[in-house]
Structure formats: structure tokens, C-alpha cells
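This report refers to the structure that appears directly beneath it.
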Amino acid sequence: MRVLHVITALTACGAGQQLRALLPHLDAECEVAVLTGPTGPVDPTGPTAAAAEAGGEGTPVAEGGAEGGAGAAGGSVEEAVAAAVPVHHVGMRGHRDLRAVRRLARLMRAGRYDVVHTHLYRACVYGRVAAHLVGVPVIVATEHSLGEERIDGRRTTPGTRALYRVAEALGDVTVAVSVAVADRLARWGVPRSRIEVIPNGIDPLLYRHDPRLRHETRARLGIPQDVHVVGGVGRLEPGKRFDVLLEAVAGLDETVLLLAGEGGARWALAERAQALGIKRRVVFAGASADVPALLSAVDVLASPSVEETFGLAAVEGLAAGLPVLYSCCPALEELPAHAAPGALRVPSDAGRLRAELRALAAAGPLRLQPPPAVAHYDIRRHAARTGTLYERLLREASPAAIPAPVPAPALAVLAEPPEPPGARGTAGTVDTVEAMETGKAAEAMEAAESTGRAQA
């Protein structure tokens, strides 16, 4: 079974980390297509884009040779993925670079994949369209980051939702990483029969507490060995509410806060730490593929976010033997209480969080046995369920249900100027994407009805 995973970017975000963890355990021949380049969007005049425009299939990254990344211990996510499977860069520049559809289609035609599996909003839209155009037998998408008002960190609009539904109709199944995400998908209009809940996973063995690693990581980050350290892991964005964590730590003398992640709120958080007088007690570790090392250096994990699609950081903290304080975590809320006795739900309030952190600091360093929740979310279970889904969908994809591959002349239309809106064929499908982005929802939905697969 040949599987192409399409992802918007291979960074240390949750989706990137999940794909990195999943690939070694899938019983399939996998490759990865990345819409953006190793360190961001690729110049369309550069070698990767030029190869794609010439009809190539993208530029595989040399094994372990991806550029850029976190610059922290453990290297980048892209380096780790490229060391395991071929990685192709599509060279997308900007959210509306429709040439990405053409390049993906060429890669998929050349690769003769049985399954295309997309991750993150932009990849789910462009990847599904391209896979449908060339007649890939099975099209699966995983919804990692659908919140109530945001998807992939961007605010949702009626156009965003309509475009999502258009693209979703071109696939077979959308995988939700939690029941909470499945419910949101249903509210967006995705039929329940097309939603499959397969939770995220981690490799518990990687997170086992290692005293030597704890000492080395603290030394590398300049953190004294004898201080109490509170950890926060995730994108540094307002929704994660790390500002609340800063205020909580400000009232705890001698406590150090270690934040692992990057994002648009990085400098605002640094300024807030300075205003609170705790600048020297806050360590910004940046994004890193080596989360286990960072967790080894802390004494408690705190997640004050009020909205999560899964809550991977909390599960990772439990796997590392840490007490975990969280405000929202579907991964734990959807399990019985006894599955995670080391986790405590606390309102996203600085005072309440400070009180719990003070009590844990007074108790001294504490390492717990990983609870049943950790075994429940073992990445091997995730991979087995994903593989079973692929096999079922391939069995169900009878010849009559598989879209006929687009002939080469028709696919070549994508290399020409777009046809007028409403045109049929491949260019009409791309016009559907463009129309949705510019807010022409009604026209685009009408066009999608003529190209999408019938919903179950």
C-alpha cells in the first residue's frame, strides 16, 4: 500500500509531531508532501518550484538534510521525517497559490498512490482537490486543529467553512482527533457517516523520566538544578493563555517557568514577564522536536488553554511522570477519571493556578507512574487504527466508486490561465477553490456539487 501524506508545514506543531510519530508504525510505504518549504514558503522561481513547473514531482529532501527547523535539542521535525521517508516540497507561496494543486496532482500521478492522507486546513483543501482530480482510490483527511472559532490558528469565516465543506466532499473520510472535534465537524455540516474518531498518540517509551537527561537539559538551558520548574508546551499564541501562567508564576518566589514553543505571542509574553518582574525566571526554549528532553527538566506541566482539540501536551506530561494541571483537555475529559489520577483540571485563572502550583512546589519533586491514559494513547494503537481504516476504504473503493483519472490533456489545463468562473473540468474545480477564498460561497458551492463525490 502506497500512501502520500500531505501537510501544510512540517514544524514542531501538534500535527507535525503527530505525523513524525505515526510514520514509523504504519504498515505502508509512505511519502510526505509539504506545501511550504523547509523554512517557510519557497520562492516560486527557485529550484523546487522550477522542477514542479517543468512537470517533475517535487524535490525530495536528502535523508536527514532538511534545512531550518527549531535549532534546539533533537533537531527539527522535518529532519526527523526526512530521515525516515521521502519528503517532497510543493513550493506553495501564500495561502492562495493555486499552482500547488497542479504540483500536487503531478506528484500524485507519478507516485501512483493508493491513499492520500492530508493534514491541516490548507493541505486538506488543496490535497483533496488534487487527489480527486487524478483519481486516487482513497482520500483521507485528519482534522487536527478545528476549534469553535479558529482552524489552524486562523479565525473561521462563512467562506472558510464553505470551502472546507467543498473540499471535504471530495474525500472519503475525515478523521477527528477527539470526540470534541467530531462534534464540531458535524456542526459544520460534515455527515457523521464520514467522520471517524482516531485520537492522537505518543510513544510512551520516549517520555520515560531520565535523571541524566534532566540534569543535562537544565544545564543547557541555564536552569539551576535545585529550583522548582513549571513547564508549558505549545504554540505561543493568545489562545494558549500562557499569559495566565506568567501571572501565576509571578506570585511564586524562586519558581522558574519553562515555555517550549514558538508563535506570534512570543514577544508579548516576554514583555509581560518583564513587566511582572520575572524576566530572569522565564526561559523561552523555542520550538523543539525533542519535547521529552524539555519535559525531563520540569517538575509540573501546566496547560491553561481554554480550548484544545486534543490536549497532546497534557498526555506527554503524564507519560513523563509529571503532575499535570490543565484547563481544557479532550484527551483526558473523554476518559474515565481514574485513567489519569495525576492530572487535575483547574480553571484558567492565575490565582487558582498559583495555589495548585504552590502546593506542588511545597511537596517537592515528584515523579509519578504513567497512568492508564498514556497506554490508551499509545501511537501504536493510533497507527493500527489508521491502517485498518485505509484497508477498509480500499476494499470499499469498487471500480464504480473510484473517480476516473483525469487524462493528461485535461490536467494540463491547470498549467494555463484559469478558465472563467463556472467552467467545467479541472480548471473549474480550481476556480471553485478561488471563488470560496474570495467569498463567492454560493457560486462555489454550486460548482462543487458537480465535482464532489456524493456524500454518504
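Take the residues in region 221-248 that are closer than 16 Å to Tyr326 by Cβ and aliphatic (A, V, I, L, M); name whichever of them is nearest to the chain's Cα centre (by Cα).
Val233
As an exercise: evaluate Val181 against (1) assigned by TED's automatic domain parsing to the domain that holds Cys329; (2) buried (at least 18 other Cβ atoms within 10 Å of the Cβ) and give the number of the one condition it does not meet.
Of the numbered conditions (1) assigned by TED's automatic domain parsing to the domain that holds Cys329; (2) buried (at least 18 other Cβ atoms within 10 Å of the Cβ), the odd one out for Val181 is (1).
Taking interchain pairs and intrachain pairs at least six residues apart, which have beta carbon atoms under 7 angstrom, with the first residue in region 146-173 and within 12 Å of Arg122 (Cα to Cα) and the second part of a strand (DSSP E or B) and of a type outside the set (S, T, N, Q)?
Thr160/Ile151
Inside region 135-163, can you point out the residues that are closer than 21 Å to Gly91 by Cα and surrounded by 24 or more Cβ atoms within 10 Å (Cβ to Cβ)?
Ala141
Out of region 366-375, which residues are free of Cβ contacts under 8 Å to residues at least 60 places away in the same chain and part of a helix (DSSP H, G or I)?
Of region 366-375, the ones free of Cβ contacts under 8 Å to residues at least 60 places away in the same chain are 368-369, 371-373.
Result: Pro372, Ala373.
So which residues in region 306-325 are crowded, with 24+ Cβ neighbours inside 10 Å and either among the acidic types (Asp, Glu) or closer than 23 Å to His119 by Cα (or both), if there are any at all?
Result: Glu308, Phe310, Gly311, Leu312, Ala313, Ala314, Val315, Glu316.
For region 184-230, what are the residues that are surrounded by 15 or more Cβ atoms within 10 Å (Cβ to Cβ) and in a helix (DSSP H, G or I)?
Matches in region 184-230: Arg184, Leu185, Arg194, Pro204, Leu206, Tyr207, Leu213, Arg214, Glu216, Thr217, Arg218, Leu221.
Would you tally the residues in region 74-98 being surrounded by fewer than 22 Cβ atoms within 10 Å (Cβ to Cβ), in contact (Cβ under 8 Å) with a residue 60 or more places away in the chain and at negative phi?
5
Cβ-Cβ distance below 7 Å, separation of 6 or more or different chains: which pairs start in region 344-365 with a residue that is within 11 Å of Pro304 (Cβ to Cβ) and end on one that is among the basic types (Lys, Arg) and part of a loop (DSSP other than H, G, I, E, B)?
Note: pairs meeting the criteria are Ser348/Arg241.
Just one of Ala355, Ala331, Ala273 is assigned to a helix (DSSP H, G or I) and surrounded by fewer than 16 Cβ atoms within 10 Å (Cβ to Cβ); which is it?
Values: Ala331 fails: surrounded by fewer than 16 Cβ atoms within 10 Å (Cβ to Cβ); Ala273 fails: surrounded by fewer than 16 Cβ atoms within 10 Å (Cβ to Cβ).
Testing whether each residue is assigned to a helix (DSSP H, G or I) and surrounded by fewer than 16 Cβ atoms within 10 Å (Cβ to Cβ) leaves just Ala355.
Could you tell me how many of the residues in region 238-270 are assigned to a helix (DSSP H, G or I) and under 20 Å from Val315 (Cα atoms)?
4
Tell me which residues, restricted to region 261-309, are within 18 Å of Ala331 (Cβ to Cβ), among the hydrophobic types (A, V, I, L, M, F, W, C) and modelled with pLDDT under 95.
Those that are within 18 Å of Ala331 (Cβ to Cβ), among the hydrophobic types (A, V, I, L, M, F, W, C) and modelled with pLDDT under 95: Val291, Val306.
Taking Arg235 and the conditions (1) under 26 Å from Arg214 (Cα atoms); (2) among the basic types (Lys, Arg); (3) in a helix (DSSP H, G or I), which numbered condition does it fall short on, given that it satisfies the others?
(3)
Quick check: is even one residue across region 318-326 touching a Ser or Thr at 6+ places or on another chain (Cβ under 6 Å), assigned by TED's automatic domain parsing to the domain that holds Val249 and of a type outside the set (Gly, Ala, Ser)?
yes
Considering only residues that are farther than 17 Å from Ala285 by Cβ and in contact with a Phe, Trp or Tyr (Cβ under 7 Å, 6 or more places away or on another chain), which ones fall in region 198-246?
Scanning region 198-246 gives Pro199, Asn200, Gly201, Ile202.
The values are calculated or read from the model by the stated rules, or taken from the named source; none is laboratory data. Predicted model only: the values in this text are computed from it and were never measured. Reconstructed Cβ throughout: ideal geometry from the backbone, glycine too, with neighbour counts over all protein chains shown.
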